Amino acid sequence: MCIFVPSKKNIQLDILKNVISHAKEYGFVFPSSDIYDGLSAVYDYGQNGVELKNNIKKYWWKSMVQLHENIVGVDSAIFVHPTTWKASGHIDAFNDPLIDNKDSKKRYRADVLIEEYISKIEVKIEKEIGKASKRFGEDFDKEQFVDTNPRVKEYFSKIKSVSERMNRSLEKEDLEDVKKLIEELQIACPVSGSKNWTDVKQFNLMFSTKIGASADTATELFLRPETAQGIFLNFSNVQKTGRMKIPFGIAQIGKAFRNEIIARQFIFRMREFEQMEMQFFVPPGDQKKWYDTWKEKRMQWHLSLGIEKENYRFHNHEKLAHYADAACDIEFKFPFGFKELEGIHSRTDFDLKSHEKHSGKKIRYFDAQRNESYIPYVIETSIGLDRMFFAVFSHSLKEEKLEDGSSRTVLKLPPHLAPTKVAILPLVKKDGLDEVAKKIANSLKNNMNVSYDEKDAIGRRYRRQDAVGTPYCITVDYDTQKDNTVTFRDRDTMQQKRINIDSIIESVEYSDF
Ligand code: GAP
């Protein structure tokens, strides 16, 4: 008899498929231009998705701007003067190394192929650790095992040598060696299985367009690939008009566009997406201190959502971007493993200095304490809003077995991010219960997002609310008419209690289930 044991990859694929179909079925995320069979790596947010997305934005803005007296916001245009991208280095260096498989005709990012090779070795290490942990039981010392086991040591040294060589070659733009590495590692095309590769070529990720009426006078513009440059261009405007004193920050939420080559994995890598970025301006020499501070602060922001710590980790960059003297990612455990969720970069004075040079305008700050004028250094925190949405959504989606043997699909979103805070449900749609329920719903609308539902049996309505992540349900029944109380149900525990109608707002805001 053949027993099918699903591999880790198959399980991950199933989870991802489940996330995508749930997001569509319940009005969170739709493929863009769905009736024309979609547009690759472009998505629309539906009636529930837009609420969740707006709540994530509010949560970020509140913690970064409202709660920091030295951080202010801007909303800069998507189009900027084209010289911006020359100054920022995007025209010359915002490239991905591409390689094509000659048999499948599929295109890949060469560095991603090598990183996937490394990930496979990491999986092997995890397997060895798992086996040893079972063998030694409680006496297992993971650190000692990793330091001494010959096979694991060999795996680690392979990872080190491969990633060092890849980083070195990419830094030197030695694309011939990147191809050689792919061949030496015998990396095969995931589609055709063949190792018949083209040369590696650089590909610029910016989308270009034209501004102006006639072909001869039109100027080439780029859709911004990051929101950060709009902040740099406004540094002096904000600093002077806001009388800002260093250290201070400028935050922005807005769309960015990249012609991504590998546009897979749902809303993880999109061609049109949103970023939430903050540039923190500090005196030269203080950048390391502030880099460490923002690393810590940003991790705390993620943890304060209540998602368990083991889902996050730092990944310090060895290969630094052209503008950085230190950089790391906060990685999240997505359905397909740990991947970048947010970047924290110490960007030096690269951007402001370069804009000063290209524009011919002084971009300086006079520091009264130091009695000197300088170009500030910058610490940047940059998180993809869509990626944050994906992280929260995929982590919250649970399939639960219930005591009576049935199961439920529940979206355990952090309550303050949920699209709807409370659903008002009349037990039956008659005897005036529906009217009382509608009145309650109307009275709450000014304070929170409310949904009213009177269709189907109450159990089915609870399940519907569970599936869209509504943290609380209020049921109006015959006792409501007698004593002005309602049933208050908690999404996560499914416990219910009676509360007075007058205390609904308080119960939703400060629920103690
Ligand atoms: N200003 C710095 C910057 O843009 P980045 O690491 O290229 O740095 C920052 O991007 C964040 O933007 C990433 O951590 C990710 O969350 C998000 N991001 C980048 N490219 C993306 C894409 N194609 N689709 C969705 N999110 C993306």
Inset, instruction - Give me the aspartates and glutamates in straight-line cross-link reach of Lys24: C-alpha distance below 13 Å, same-chain residues under 8 apart excluded. - result: Asp34, Asp44
Inset, instruction - Would you grab the residues whose amide H sits under 5 Å from the one on Val29? Only those 5+ places off in sequence or on another chain, please, with H modelled 1.01 Å from N. - result: Lys24, Gly46
Legend entry - Value at 222 nm in deg cm²/dmol, rounded to 500, when DSSP H runs of n ≥ 4 in the chain each add -39,500 (n - 2.57): -11500 deg cm²/dmol
Legend entry - Vicinal HN-Hα couplings computed from phi for region 84-92 (Karplus, 6.51 cos²θ - 1.76 cosθ + 1.60; Hz; Gly/Pro x): 3, 7, 6, 5, 6, x, 5, 5, 8
Inset, instruction - Calculate one ³J(HN,Hα) per residue across region 158-170 by plugging θ = phi - 60° into the Karplus curve 6.51 cos²θ - 1.76 cosθ + 1.60, and present them in order as whole Hz with x for glycine and proline. - result: 5, 4, 4, 5, 5, 6, 5, 5, 4, 4, 4, 5, 5
Inset, instruction - Taking the dipole about the Cα centre of the chain, with the C-beta of Lys and Arg at +1 and of Asp and Glu at -1, give me whichever of Gly405, Ile501, Asn54 is farthest to the positive side. - result: Asn54
Legend entry - Backbone HN-Hα couplings from phi across region 257-269 [Karplus 6.51/-1.76/1.60, Hz, Gly and Pro as x]: 9, 9, 7, 4, 7, 9, 10, 10, 6, 6, 8, 5, 10
Legend entry - 1.4 Å probe accessible area per residue over region 178-219, in Å²: 61
Inset, instruction - Hey, can you find the accessible area per residue of region 338-391 for me, probe 1.4 Å, expressed in square angstrom? - result: 41
Inset, instruction - Just the number, please: carbon plus sulfur as a percent of the accessible area of the chain, 1.4 Å probe, no ligands or DNA/RNA counted. - result: 49
Inset, instruction - Could you tell me which of Ala228, Leu341, Ala218 has its Cα farthest along the dipole of the chain towards the positive end, charges placed at Cβ (Lys, Arg +1; Asp, Glu -1), taken about the Cα centre? - result: Ala218
Inset, instruction - Given the peptides 482-493, 361-372, arrange them by the average over their residues of other C-beta atoms within 10 Å, most packed first. - result: 482-493, 361-372
Legend entry - In region 169-276, the GluC sites (Glu not before Pro) that fall in loop regions by DSSP, at most 15 other Cβ within 10 Å: Glu173
Inset, instruction - Could you state the accessible area per residue of region 420-509 in Å², with a 1.4 Å probe and every protein chain left in place? - result: 49
Inset, instruction - Please get the size of the charge dipole for region 420-509, origin at its Cα centre, with Cβ charges of +1 on Lys and Arg and -1 on Asp and Glu, quoted in debye to the nearest 20. - result: 280
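The values are calculated or read from the model by the stated rules, or taken from the named source; none is laboratory data. All figures in this text were calculated on a predicted structure; none of them were measured in a lab. Neighbour counts are summed over all protein chains in view; Cβ atoms, including those assigned to glycine, are modelled from backbone coordinates with ideal geometry. Accessible surface is based on the protein model in full, side chains and every heavy atom, while ligands, DNA and RNA are left aside. Shrake-Rupley method; radii C 1.70, N 1.55, O 1.52, S 1.80 Å.
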